[in-house]
């Protein structure tokens, strides 16, 4: 049975409509994976010598034990953000003569082969082998330790599923957990109660008495069973339907009426953003990334390279514009045939999208005013960047949108979500960010800081003047690409 | 009202639609029948300029549909769920379509009132998004939305499928009323031969992309169609 399920998975991967199209993305992800593998492997191999070098009198294995808890928590955190829940479309199997337990086990076992479980092994195994080779402890103890740590990371794997199931719908419920972790961290920091050391000494016991390695194994089995039970309870069609009984939100956004004939489109877009998870999250992310400047403005090392502040300025005032704009019109992919056959002139459609992005830039640049604390030059530069965004980058993003062919599932979280991402999204980021930085760098280097600002400012203003004709031109491109867009959007899958 | 000339659509070497000449006069209720893959949806998609013809043209009120967008203000359609916006409530969807067709809220409300019976109390004021409605109820919304703003051409792809019997009967009544005044040209496709012979004054039968029959509906039409579809050729295939 497992074999058959595996062959189905295999087919679903290779027969997915967009496999060929997203090959570039897959290769990129492959490189990224290779990069992490290399780093982890180097760290795993180098760990023993490094500890010997800097802490010669410590026993490396016992030393590492003290940091295992921190590592596990970090692992849980990045898994929570990045790892997706293992899924299997159960609907076709529900009425077939297959035991539920078997399907659930398949899903759960499948998740063991996740890349996230593979990475820690790259540290545990080389480090363990080093210890075996150096004869730091009895062989059996070290092997028991390796087993214990492997099962601890696997336990994190399953603990993450439980946490994710419970909290993704309701992020507020996470607050007590975070408070607890911060409290433990503070207790540790002020030497009141050393959780890390306590956990470390618990792990040290495994070295003393190797049979204790059975505890992490039991923990793993327990979590596995818990997941099994969780999933078994959800093995009904109405389990997924139940969540949808929420009352519909009927905000009208009547204030958009002021904007005349693009008002219905603006209302439409606001509802789109407000009622769907993925676009809604981009709003939260925009506010969060406003703080991006804090990484750069206070540091002296960046003061001599003001061109970098152009990048920061374009980024923080344009983050919503970029996140939203790069997927125009894929946001409307599900009903693109309606958009194309209804009485919707493309020009108005695009003008409304441009207006929405313009608002976002204005709001973000206003929210960014506190950065004036780091100097007026930064304050003015941010305004210039905002105007550049409005004048140049918005039409640019709209133009790039005409190359979008991939539909977007509005209800999925945007974290590590590459659905709808194609070469367009990567290519457009170059003119978006690099061009203004380059211009500014040239002017700043050969003329002055002010001249660079004035140049970007005039480009932005020029762009605003020609927006109408730019949109005219872009709508022609959309019209030309209409059929291939419609065809692309009709295909499902990522 | 609608004229197709020399119209063909070829997908990867196989011709899915090939219509020499088809003329649909204004105010006609036009029915399209044929087995799966006969080219019904392809024809409607071409008419709405959602796909490009391989050769030939379609004119909607003398406007070439793939060259100008001027046909959009007087043409409305419901082909499938991709014509619905899932995250809107039915009311919002109707008002949105209304705004696109220069109808204010009051105009739309007047129209919706007429369809109260059709909705059977399952659509309005439910505080539910369209994506959470059943297929049949979604279809009701799509059909009614296609009638907003007094369109001169209405295109409905398989409007009877997924509807409950009561609604099917009400839909037939609606279509008949619509064509009674001879202002609206209505194009529908269906697998239900009884329904379509009842509401359409003309029926075109497509088979593998070709116009096989072009009939003015009479008492004998239903029998003729049934005889055609129960031919051995089809029995063997299925």
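Values as computed for the structure displayed
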| read-out | value |
| --- | --- |
| Residues of the range A:476-494 classified as within 11 Å of another protein chain (Cβ to nearest Cβ), buried (at least 19 other Cβ atoms within 10 Å of the Cβ) and under 30 Å from residue A:436 (Cβ atoms), total | 1 |
| Members of the range A:249-258 found to be touching a helix residue (DSSP H, G or I) at 6+ places or on another chain (Cβ under 7 Å), part of a helix (DSSP H, G or I) and either surrounded by fewer than 16 Cβ atoms within 10 Å (Cβ to Cβ) or within 11 Å of chain B (Cβ to nearest Cβ) (or both), listed by number | A:257 |
| Residues of the range A:281-316 classified as out of contact with any helix residue (DSSP H, G or I) (no Cβ under 6 Å at 6 or more places or on another chain) and without any contact (Cβ under 8 Å) to a residue 40 or more places away in the chain, total | 12 |
| Yes/no for residue B:97 being crowded, with 17+ Cβ neighbours inside 10 Å, closer than 21 Å to residue B:191 by Cα and within 12 Å of chain A (Cβ to nearest Cβ) | no |
| Qualifying residue in the range A:275-292 (condition: surrounded by 13 or more Cβ atoms within 10 Å (Cβ to Cβ), farther than 30 Å from residue A:448 by Cβ and more than 18 Å from the chain's Cα centre (by Cα)) | yes |
| Residue list for the range A:125-150, filter: touching a residue at least 60 places away in the same chain (Cβ under 8 Å), surrounded by fewer than 20 Cβ atoms within 10 Å (Cβ to Cβ) and within 35 Å of the chain's Cα centre (by Cα) | A:125, A:126, A:147 |
| Residue pairs meeting the criteria (Cβ under 7 Å; at least 6 apart or on separate chains; first closer than 16 Å to residue B:98 by Cβ and facing chain B (nearest Cβ under 10 Å), in the range A:262-276; second modelled with pLDDT of 85 or more and assigned to a helix (DSSP H, G or I)) | A:264/B:96; A:264/B:99; A:264/B:100; A:265/A:348; A:265/A:349; A:265/A:352; A:268/B:96 |
| Sole residue being under 29 Å from residue B:7 (Cα atoms), at pLDDT below 90 and more than 14 Å from chain A (Cβ to nearest Cβ), chosen from B:178, B:205, B:225 | B:178 |
| Listing of strands (runs of 3 or more DSSP E) fully contained in the range B:14-91 that carry 3 or more residues being closer than 30 Å to residue B:163 by Cα and within 10 Å of chain A (Cβ to nearest Cβ) | B:75-78 |
| Of all residues making up the range B:108-127, the number that are touching a helix residue (DSSP H, G or I) at 6+ places or on another chain (Cβ under 8 Å) and within 14 Å of another protein chain (Cβ to nearest Cβ) | 5 |
| Residues within the range A:337-356 that are farther than 12 Å from residue B:69 by Cβ, facing chain B (nearest Cβ under 7 Å) and touching a residue at least 12 places away in the same chain (Cβ under 8 Å), tallied | 1 |
| Test: residue in the range A:298-309 that is out of contact with any strand residue (DSSP E or B) (no Cβ under 7 Å at 6 or more places or on another chain) and within 14 Å of chain B (Cβ to nearest Cβ) | no |
| Residue in the range A:193-203 that is more than 16 Å from residue A:65 (Cα to Cα), crowded, with 16+ Cβ neighbours inside 10 Å and at pLDDT 80 or above present | no |
| Breaking point among (1) farther than 28 Å from residue B:181 by Cα; (2) surrounded by 22 or more Cβ atoms within 10 Å (Cβ to Cβ), for residue B:75 | (1) |
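The values are calculated or read from the model by the stated rules, or taken from the named source; none is laboratory data. This structure is a prediction, so every number in the text was calculated from the model and none was measured. Here Cβ is always computed from backbone atoms with ideal geometry, including for glycine, and neighbour counts include all displayed protein chains.
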